[in-house]
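To start, the structure under review is shown below, and the notes come after it.
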Amino acid sequence: MPSGSLSQLACLGGTPRFAESFFVGRPNIGDHSAFLKRAADILERRWLSNHGVCVQEFEKRLCDMLGVRHCIAMCNATVALEITSRALGLRSEVIVPSFTFVATAHALQWQEITPVFCDIDPATHNIDPAKVEALITPRTTGIVGVHLWGRPCNVEALQAIADKHGLRLMFDAAHAFGCSHRGKMIGGFGEAEVFSFHATKFLNTFEGGAVATNDDALAERIKLMHNFGFSGFDNVVHIGTNGKMNEMSAAMGLTGLDSIDTFISANRSHWETCQHELAGVSGISVINYNTDERCNFQYLILEVDDDFGLSRDHLLAVLHAENVIARRYFYPGTHRMQPYRSLQPQSHLWLPETEKVCQRILSLPTGTAVTEEDIRAFCSIIRAAQQHAEEIKAHLATAI
Ligand code: T4K
């Protein structure tokens with residue numbers, strides 16, 4: 001797009017830059033024929049679920065990759081969070097960040113555990129350990145950290161707090177599959193870590209998740225709980241639910257694992273291109289990843305500050321008009337969603353950083369469904385939006 005030409009911005013009446021929409025979260029899909037072969041084998045075996053050979057192989061490959069003793073494949077990460085928190089004996093109050101996908105808190109509230117929202121460190125977007133201790137009460141039983149955008153929490157500080165106060169520590173690692181912290185793969189921190197393999201995650205099993213842990217007894221409990229508490233035929237020894245991954249999902253996961261390096265390198269080069277293209281644009285930063293560690297680069301996240309000249313929401317409107325369906329993850333913060341907004345109406349008062357960060361984040365499409373050229377075009381729209389900020393503001397003010 002020639003950035004000098006106002007009329008070409010779709011929000012000002014021009015033609016959208018793209019005829020078809022780009023979405024955040026378009027799935028990465030590995031080799032089609034390898035998946036179809038696995039799918040045919042599943043049909044041939046007539047073994048569709050309940051810890052079949054694909055799930056067993058998937059769990060083994062996860063263990064090998066993460067360097068953990070146990071990985072239990074699950075139907076999705078939300079159920080995996082529910083099961084893991086229950087298996088750890090979490091109850092009453094659990095400290096979590098509000099700046100996360102709502103499932104982190106829902107998994108607790110679903111069990112009538114109160115999520116106590118902790119503010120984030122604006123530099124990392126992760127739970128701020130310095131703010132955790134002030135939230136601990138006699139009812140607190142644990143901490144759930146979230147490795148947001150795949151950037152690891154300050155796990156050492158959280159572990160020290162958990163140890164000091166006798167709290168359980170687990171992680172929502174939904175974003176952090178394939179990432180490492182101080183050379184150790186995410187999956188081995190706290191008592192357990194939960195991954196998501198939802199369609200929108202860079203490695204997907206259509207729907208799915210997994211719990212990783214090095215604790216043998218905890219793994220045994222989780223295995224029972226995700227299969228109705230069954231220990232062999234007719235023998236139910238524990239309360240349980242149905243959290244099992246099916247064979248087709250595991251086949252998709254195995255196929256994705258074969259292409260994981262391709263997925264990561266697409267994400268990484270999009271992130272690098274975006275950083276390069278937006279380097280001179282005031283008021284916009286592309287969040288940083290630590291390239292000394294293993295990283296999946298799966299979220300292409302912008303922070304839009306006042307200096308940009310347009311608000312994040314105005315920039316969102318510009319991008320949407322051009323058919324770039326960017327997202328405001330995770331606006332407006334879990335504490336402002338129901339039921340938390342009603343149950344804890346004052347919580348925004350102690351979440352000032354969360355409140356600010358929620359106003360400035362934009363997630364751009366990335367992954368294998370997007371090309372370098374597309375990324376450069378997204379960035380040129382952003383630059384054009386800044387150049388014409390005043391006209392856009394005036395136009396959007398009259399359009400609303
Ligand atoms: N903890 C954290 C920190 C999480 O981020 C998540 C999930 C969880 C826990 C729970 O994990 P799961 O129980 O889901 O395994 C999406 C995903 O549904 C959700 O899994 C994910 N986080 C979250 C970050 O993103 P929405 O509300 O944005 O979904 P939706 O329907 O708007 O779709 C997102 C985008 O993906 C759209 O742009 C369309 C695109 N899309 C989606 C699907 C399903 C596709 O292009 N193809 C597809 O097949 O939550």
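Build a GNM of the chain with springs between Cα atoms under 10 Å: which of 12, 148, 257 gets the top mean-square fluctuation?
12
Given a Förster distance of 60 Å, report the FRET efficiency between residue 165 and residue 21 from their Cβ-Cβ distance, rounded to the nearest 0.05.
The pair residue 165/residue 21 has a calculated efficiency of 0.80.
Taking only Cα atoms and a 10 Å spring cutoff, compute GNM fluctuations for the chain and point out the largest among 137, 213, 84.
Maximum among the listed residues: 137.
Provide the packing ranking of 342-354, 323-335, i.e. peptides ordered by the mean count of other C-beta atoms within 10 Å per residue, highest first.
323-335, 342-354
In the range 179-208, which trypsin sites (Lys or Arg not before Pro) fall in coil by DSSP and have 14 or fewer other Cβ atoms within 10 Å?
Here the trypsin sites (Lys or Arg not before Pro) that fit, given the DSSP loop and packing criteria, are 182.
Loop only by DSSP, 11 or fewer other Cβ within 10 Å of the Cβ. Give me the GluC sites (Glu not before Pro) in the range 38-115 that pass, ordered by residue number.
Passing sites in the range 38-115 are 112.
From the C-alpha coordinates alone, can you work out the Kirkwood hydrodynamic radius of the range 32-258, in Å?
Kirkwood radius, the range 32-258: 17.7 Å.
Are there any chymotrypsin sites (Phe, Trp or Tyr not before Pro) in the range 162-249 that are in a DSSP loop and have at most 14 other Cβ atoms within 10 Å? List them by number.
228, 233
At 222 nm, what value in deg cm²/dmol follows for the chain if DSSP H runs of at least 4 each add -39500 (n - 2.57) and the sum is divided by all its residues, to the nearest 500?
Theoretical 222 nm ellipticity from helices: -11000 deg cm²/dmol.
Please compute the contact order of the range 269-365 in relative form: average sequence separation of alpha-carbon pairs under 8 Å and at least six residues apart, divided by the residue count, as a percent.
Over the range 269-365, the number comes to 31 percent.
Which of 99, 76, 142 sits closest to the plus end of the dipole of the range 32-258, meaning its Cα is farthest towards the positive end, when Lys and Arg get +1 and Asp and Glu get -1 on the C-beta?
76
Which of these, 66, 158, 43, has the largest mean-square fluctuation under a Gaussian network model of the chain (Cα springs below 10 Å)?
Highest fluctuation among the options: 43.
Give me the percent of DSSP beta bridges within the chain that run antiparallel, rounded to the nearest 5.
55
Grab the Cα-Cα distance for residue 139 and residue 342, subtract it from 0.36 nm times how many residues apart they are, and report the gain in nm with one decimal.
Net length gain for the segment: 71.0 nm.
Which three extents, in angstrom, do the Cα atoms of the range 1-100 have along their principal axes, listed largest first?
58, 47, 25
Regarding the chain, what are the three Cα extents along the principal axes, ordered largest first, in Å?
71, 55, 38
If you take every DSSP beta bridge fully contained in the range 32-258, what fraction is antiparallel? Give it as a percent rounded to 5.
Close to 50 percent.
Just how large is the dipole of the range 32-258 about the Cα centre, in debye to the nearest 20, putting +1 at every Lys and Arg Cβ and -1 at every Asp and Glu Cβ?
Approximately 220 debye in magnitude.
Just so you know, all these numbers are worked out from the coordinates, no wet-lab data involved. Note that this is a predicted model, so its numbers are computed, not measured. Neighbour counts run over all protein chains shown; Cβ positions are idealised from the backbone, glycine included.
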